[in-house]
Amino acid sequence: MSCALPEKATRIAIVGAGIGGLMLAASLGEDYQIDLFDHRSSLNGDGYGLNIQPIAVTELAGLGLLSRLCSLGIQTRAHRYLSSDGQQIMEEPRGRFAGEEMPQLSILRHDLVSILLAQLPGSCQIHTSATITIEDLERWDRQSPAPYDLIVGADGINSVTRTYTVGATALHDGGMTLYRGVADLPKMLDGETFILVTADDGCRLIAYPVSAPIARSGSSRINWVLLVPDRVYEGQTPVLGESQEAVRRILGPLIGNWTLDFLDIEAMIEKSPTIKSDRLRDRDPINQWSRSRVVLLGDAAHPMYPIGAQGASQTIVDAACLAGAIKTEADPFIAIGEFVSARLPQTNNVVLANRKMNREELEHVGTASSTRSEKFRTTTSNYRQAVRDRTRPHSSSVGHNTIER
């Protein structure tokens, strides 16, 4: 599909066609010449789930996508914290159930990707199987005349664009292994509740339904993540990339004796077609996201622990705010500066808040049941305050006061 562009349309290269890159291209619209590069041969996305907080749903709704999102994802009613013997520690309402204007949505990544792909403007050209190197970035940045007015690095936690922009920065290891899967199971609780289960050894299970079509059939498609501290392995850090059979043998003894009357743990493991393992990682916050005409967003700029369910949401807000700055400022360099000054402090706060909440949740392990609820409530309340977006930067499509953070 092609469209007529303004004679001097801003030329933008986006490196990485994940959620951030797709959201940026969709938010910019038809008036920009966009080349979207990705090293993968297909952009369908993986089959795992994610949470989208109301702040990010607001931006997606501004593109007219709310109805489609709600038809595929689950509007999360509450977060419920439990011990591994099934005792409830606390529960908090979420999204519209907590008085927000927008819902908190749980959705499969490939469903969100498909929605954003369908929203791309005709002026966006997608280049798959495209490996962009530091030499490419340097040429684009320094060549005269420049092939692009703006180059956006949305290429994830192992970003080449980040290396070009700020140099090599080390990954920070959180001392845990994450196991991730998706399983079709009988309806879990009310079909709208996110659970976080903590065992006395520090293992934590996060599980939540992610599919409205499956829910309409009376079942739940459960996305789950198990966080296992290294100490559980008696000093031996597990090797990633083990066979599915080996992973299942590891998980059985770890959580097989948990007693949750609403979730069959053994079935959850067995019915997950593929269980992915990875380390809990982020990077230390930095004070620079740009170099000349190159700017970072999402995990390329601020990779964070998946504690607090903020990663995808902060990426979506990044993309919407950068698009808004580009639309408002004719000079791309000014747009970059305004975007970075608005978003960098906020996302750095989230990275550090996620680390703190992870640490505090582990500290609550084994505390007396009479005080555990109060400790968790204090932790979650402090976390919400820490990540609250106190300043509203440019948005591509939504007014400044659409929703209280």
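The values are calculated or read from the model by the stated rules, or taken from the named source; none is laboratory data. This structure is a prediction, so every number in the text was calculated from the model and none was measured. Every residue, glycine among them, receives a Cβ derived from its backbone with ideal geometry; neighbour counts consider all protein chains shown. These area figures cover heavy atoms from the full protein model, side chains too; ligands, DNA and RNA do not enter into them. Shrake-Rupley method; radii C 1.70, N 1.55, O 1.52, S 1.80 Å.
Values computed for the structure shown
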read-out: Ranked by how many other beta carbons lie within 10 Å on average, peptides 35-41, 295-301, 184-190, 13-19 from highest; value: 295-301, 13-19, 35-41, 184-190
read-out: Beta bridge orientation in the chain: antiparallel %, DSSP, nearest 5; value: 65 percent
read-out: Y81 - accessible surface, heavy atoms, 1.4 Å probe, Å² rounded to 10; value: 20 Å²
read-out: Average accessible area per residue (Å²) across the chain - probe 1.4 Å, nucleic acids and ligands excluded; value: 41 Å²
read-out: Debye, to nearest 20: dipole size of the chain, +1 on Lys, Arg Cβ, -1 on Asp, Glu Cβ; value: 380 debye
read-out: Tally of Lys pairs whose C-alpha atoms are under 24 Å apart, taken over the chain, 8 or more apart or cross-chain; value: 4
read-out: Accessible area of the stretch 141-195 belonging to carbon and sulfur atoms, whole % at 1.4 Å probe; value: 52 percent
read-out: Dipole-positive endmost among A215, P54, A168 within the chain (Cβ charges, Cα centre); value: P54
